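The values are calculated or read from the model by the stated rules, or taken from the named source; none is laboratory data. Fair warning: this is a prediction, and the values are worked out from it, not measured in the lab. Here Cβ is always computed from backbone atoms with ideal geometry, including for glycine, and neighbour counts include all displayed protein chains. Remember, those area values only see protein heavy atoms, side chains included, never the ligands or the DNA or RNA. Shrake-Rupley method; radii C 1.70, N 1.55, O 1.52, S 1.80 Å.
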Amino acid sequence: MNWLLVGASNVAHEWIVSAIRNVGDEVTTIVSGNLERAKDFANQHGISNFTTDLKQALQNEEIDAVYISSANSLHFEQAIAALKAKKHVMCEKPMALNISDAKAMISQAEINGVVLGINYHLRNSALIKKMRELIAAGSIGDVLTIRFCHAVSLPEKLQGWRINTPSEGGVVLDITVHDIDTLRFLLDDEPVSVNAMAQTGLISHNNVSETVMGTIEFAKGTLVSFFDSFTAKHFQTSIDVIGTKGTLLAQNTLTQQPVGTLQLNNIDGSQSINIEHENLYITSFEKFKNAVENHGQPAATGYDGLRSLEVSLAVQQAIANKTNVLTVAGE
Ligand code: NDP
């Protein structure tokens, strides 16, 4: 397939161009909001065409698919334009900033019979897939609780819109959306209620959340505590799953790199699970290509994108309204 990239972004530069080429596809065009940035990106990656005119670029019939990694506020309008032009679309998370836009993207893909995927890379982690398998096989019984720690130290080069722009930045739309998608994938279950509190102002501006702690209740009863942060230095991510018959403990796995360790503890003892790690983004684009060629589903669908957005917006609302947060009076 021939791909058009929308967004001369860091994630496209570091991961996506090579993932697309790795699955045997080609990147033929880069669209940016700035012609110089588009040109630099094209030169750096050996891409033949660069432009700022998305509408015109979409008229090229040789383009099969579009990958969108622009600023979050642009995802909706760019995705709708690409879907209307009958291109398959892989869109970065969050797929949109509100529910009606996300639903419109899903409808437009259905109307035109094209694939819409959302790039939730963690579903493609060999370790997280193994956790899902072990949970489904009953190796720790019914899942009671999960402690989900997705706290990182945001690299300086990423300290732009993420920490400055209230409408599209903040830790919830950046990291919590990943948590929600990963939890839905691990548990094969849906969140039903949330609560959260946030911190702001250490590295962020304009009251943008940089750390969030909260709880999620799932339909089958699992309770999750989540801790997401841009300001956690010298820390490792982790997922601890407590079931009725054992525990699964994952360390250092909530990352872009194919890394991490997994331990299973149950009546048979304690064992380290061997994981054959693979590049998460290559797997993501392999699955997307397969969905296009065989009329199947990508790793994360538009519906998955919608659900994680809905829950993230509920988390943001809980933070803003202090819904269900009881103030504890001092003595
Ligand atoms: P970047 O900040 O690198 O890029 C976002 C946009 O910012 C680009 O499209 C570009 O606009 C603009 N931009 C880039 N460099 C400059 C600059 N020097 N001056 C002014 N503007 C600039 O973002 P990320 O790559 O971190 O994220 C892009 C998207 O991908 C987001 O939606 C994010 O949520 C998602 N993401 C997903 C990941 C995943 O694993 N699924 C991982 C990381 C990000 P233009 O296109 O107009 O040039």
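Comparing Phe235, Phe76, Phe148 in a Gaussian network model of the chain, where Cα atoms under 10 Å apart are tied by springs, the biggest mean-square fluctuation is seen for Phe235.
Give the ranking of Glu61, Glu36 by solvent-accessible surface, highest area first, calculated with a 1.4 Å probe. Provide the component values of the computation, followed by the final result.
Working: Glu61 165, Glu36 110 Å².
Output order, biggest surface exposure first: Glu61, Glu36.
Taking θ as phi - 60° and the Karplus parameters 6.51, -1.76 and 1.60, the scalar couplings of the stretch 284-289 work out to 4, 6, 4, 5, 5, 4 Hz in sequence order, x denoting glycine and proline.
Once all protein chains are placed together, Met197 keeps about 110 Å² accessible to a 1.4 angstrom probe. Amide H contacts of Ser153: Ala232, each under 5 Å away and 5 or more positions distant or on a separate chain (H built 1.01 Å from N in the peptide plane; Pro and chain starts excluded). If you take every residue apart from Met95 with its C-beta less than 15 Å away from the C-beta of Met95, what net charge results, scoring Lys and Arg +1 and Asp and Glu -1? Cβ neighbours under 15 Å give a net charge of -4. Remark: the stretch 256-267, residue by residue, has Karplus-estimated 3J(HN,Hα) of 6, 7, x, 9, x, 10, 9, 10, 10, 10, 7, 4 Hz, where x stands for each Gly or Pro and the curve is 6.51 cos²θ - 1.76 cosθ + 1.60 at θ = phi - 60°. Take Glu77: with every protein chain present and a 1.4 Å probe, its accessible area is about 110 Å². In straight-distance terms, cross-link reach from Lys220 covers every one of the aspartates and glutamates whose alpha-carbon lies under 12 Å from its own, apart from those fewer than eight places away in the same chain; here that gives Asp142, Asp188, Asp189, Glu190. Straight Cα distances below 16 angstrom link Lys93 to the lysines Lys103, with same-chain residues fewer than 8 positions distant left out.
Leaving out ligands and nucleic acids, note down the accessible area per residue over the chain with a 1.4 angstrom probe, in whole Å². Before the final figure, lay out each step's value.
Details: 15110 Å² over 331 residues.
Ligands and nucleic acids excluded, the figure is 46 Å² per residue.
Surface composition of the stretch 128-260: carbon and sulfur atoms hold 52% of the protein heavy-atom accessible area at a 1.4 Å probe.
In a fully extended conformation the segment linking Gln199 and Ile267 would gain 20.5 nm over its present Cα-Cα distance, using 0.36 nm per residue. Subtracting the Cα-Cα distance of Lys103 and Lys55 from their residue separation scaled by 0.36 nm leaves 15.1 nm. Per-residue Karplus couplings for the stretch 62-71, computed as 6.51 cos²θ - 1.76 cosθ + 1.60 with θ equal to phi - 60°, are listed in order as 6, 7, 9, 9, 10, 10, 10, 9, 7, 4 Hz, Gly and Pro entered as x.
Separation of the stretch 297-316 and the stretch 1-23, taken as the distance between their Cα centroids, equals 22 angstrom.
Expressed as a whole percent, the accessible surface of the stretch 2-118 that belongs to carbon and sulfur atoms is 44, based on a 1.4 Å probe.
Our helix-only sum for the chain, with -39,500 (n - 2.57) per DSSP H run of n ≥ 4 divided by its residues, gives a mean residue ellipticity at 222 nm of -9500 deg cm²/dmol. For Asn274 and Asn2, the FRET efficiency from 1/(1 + (r/R0)^6), where r spans their Cβ atoms and R0 equals 51 Å, is about 0.85.
Residue separation of Lys245 and Arg147 scaled by 0.36 nm, minus their Cα-Cα distance, works out to 33.6 nm of gained length. Under a 5 Å amide H cut-off, with hydrogens placed 1.01 Å from N, Cys91 pairs with Ile68, Gly117, Ile118, Asn119 among residues at least 5 apart or on other chains.
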